1. Within the range 436-445, can you find the residues that are among the acidic types (D, E) and surrounded by 14 or more Cβ atoms within 10 Å (Cβ to Cβ)?
2. Name the residues in the range 195-209 that are over 16 Å from L230 (Cβ atoms) and not β-branched (V, I, T), would you?
3. Condition first: in a loop (DSSP other than H, G, I, E, B) and either surrounded by fewer than 16 Cβ atoms within 10 Å (Cβ to Cβ) or among the charged types (D, E, K, R) (or both). Now tell me which residues in the range 107-117 satisfy that.
4. Please verify whether L286 is buried (at least 22 other Cβ atoms within 10 Å of the Cβ) and either touching a Pro at 6+ places or on another chain (Cβ under 8 Å) or charged (D, E, K, R) (or both), treating the condition exactly as stated.
5. Between A40, A120, which is touching a Lys or Arg at 6+ places or on another chain (Cβ under 6 Å), surrounded by fewer than 24 Cβ atoms within 10 Å (Cβ to Cβ), farther than 24 Å from A359 by Cα and modelled with pLDDT of 90 or more?
6. Scan the range 209-220 for residues that are in a loop (DSSP other than H, G, I, E, B) and more than 13 Å from the chain's Cα centre (by Cα) and report the count.
7. What's the number of the only condition in (1) in a strand (DSSP E or B); (2) out of contact with any helix residue (DSSP H, G or I) (no Cβ under 7 Å at 6 or more places or on another chain); (3) of a type outside the set (K, R); (4) more than 17 Å from D252 (Cα to Cα) that I206 fails to meet?
Amino acid sequence: MVVSDFARTPTPATPRRAAVITLGCKVNTFESAVMAQRLAEDRWTVVDPGDAADLYVINSCTVTAEADRQTRQATRRVLRQNPSAQVIVTGCYAQNEPAGCATIPGVSLVLGNDHKLAVAQAARELPRDSRPDQVPVRVDRLSSLPAALLNGYESRTRAFVQIQQGCDQSCTFCVIHRARGQSRSFDRQSVLRQIHTFVDQGYREIVLCGVDLGSYSDLSDDKRPEITSLTRLVQEIATLPGDFRVRLSSIDPAHIDDLLLSVLAESNRFCPYLHVSLQSGSTLILKRMKRRYDAVFLMERLEAARERIGSLVLGADVMAGFPTETGSDFDCTLEILKKANIVYPHVFAYSARPGTPAARIPRQVPRDERRRRAAELRQVGQHLRAEALTGMILNTGHLLVERAPEPSGPATYHGRLENYMPVRLRGSIPPVGTLLEVVVTGVDGDVLIAEALSAD
């Protein structure tokens, strides 16, 4: 419900500068682009988050306590750039903890997720001199979908296309289902139109994203229940005209069925990279997390994916120190990382979120032990990644150039291959957005070194 409202003020006579700061997931990235577009349409000059601005919009995450801290830190940082600026906090932290966000020094307005895409109107209506104890808060029940069609992404080479919003799962450690609401999806034709728009603009990589990507559901697919809506969608994307590639964002292993894998494998349009929401390798811990699979099913799906999709690279979300996790449970997670060859693990130390069932479990793993286990998981991931990078030497692939050389020296990397591995090019660097065939000649830390063969 609306906690409070804000007073209307006149639209400024001259354009002012606004910056949108994105924390968290690819869905936030998409929604930040929508907000930036809306602000530009309303006569704001949208600038880089590192530049001084009159208005900062912080699109927050709340997956961990660290994510909450980053929102507070971002607020302090932008106010150092311009102490007189106004700050709007939106996103998942704002949705779940509006009162807490309102107490952050310097915040002018708190917007829930259902209001974030009306940020331009909210900015016009901001009070000029709100008191710290009267920060307006607008948070409602989550039910809507953003407008699917975006004009483009400023200074980006890949375009994010949101196909789904919300989550119907209630994992015991997670608050995102509260912050994002129930699962709801764009119809397939809207998604295809959005992809067509981006391809026409010259984007060479499209990333399909959602809060629970595999739960994508188009009601028109009900007549064929044996084919999931996600599979039907990727089937149609595979037949679209244009020279572009498609990457799936994070997907739950429960949604990786054989038909989906076949479509991904049979078309050269889809990148041989999957990021899975793994969390743990222990069946007992997965059950206590209320996940949709056990360790045996998890491993079977990952092996099936690797068997079907040649040269597949895997990433995964992995949690260390869930309540009651024993040393043996943790060893199971270590083992599955190694067996499945998870090259890019995104490791979290468990963070108790207020109001979740997991936070009430008596046997909490001590914080120092959680951190130690997380560090060990990252170390294993680093070793697996080093082996995978070395194994790429003399292989060819297609590099999407994302970065030009830095003025002060060479870029850490210039772009990524279809399998997500970062590459630094030798020799001259083609324009950003070029899709380039390369041969890998070496490795430097976490980055491949490559030479160009041809440009598309």
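The values are calculated or read from the model by the stated rules, or taken from the named source; none is laboratory data. Remember, it's a predicted structure, so these values are computed and weren't measured experimentally. Reconstructed Cβ throughout: ideal geometry from the backbone, glycine too, with neighbour counts over all protein chains shown.
1. First, the residues of the range 436-445 that are among the acidic types (D, E): 437, 444.
The one that is among the acidic types (D, E) and surrounded by 14 or more Cβ atoms within 10 Å (Cβ to Cβ): E437.
2. First, pick out the residues of the range 195-209 that are over 16 Å from L230 (Cβ atoms): 196-205.
Scanning the range 195-209 gives H196, F198, D200, Q201, G202, Y203, R204, E205.
3. Residues of the range 107-117 in a loop (DSSP other than H, G, I, E, B): 112-115.
Hit for the range 107-117 is D114, nothing else.
4. Working: buried (at least 22 other Cβ atoms within 10 Å of the Cβ): yes; either touching a Pro at 6+ places or on another chain (Cβ under 8 Å) or charged (D, E, K, R) (or both): no.
No; evaluated as a whole, the condition is false for this residue.
5. After applying the criteria, what remains is A120.
6. Taking the range 209-220 and keeping what is in a loop (DSSP other than H, G, I, E, B), we get 210-212, 216-218.
Add one more test, that the residue is more than 13 Å from the chain's Cα centre (by Cα), and what stays is 216-218.
Of the residues in that region, 3 qualify.
7. (2)
Residue-by-condition table, conditions (1) outside any helix (DSSP H, G or I); (2) among the basic types (K, R); (3) out of contact with any helix residue (DSSP H, G or I) (no Cβ under 8 Å at 6 or more places or on another chain); (4) surrounded by fewer than 21 Cβ atoms within 10 Å (Cβ to Cβ):
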residue	(1), (2), (3), (4)
T231	no, no, no, no
S262	no, no, no, yes
V276	yes, no, no, no
G281	yes, no, no, no
V296	no, no, no, yes
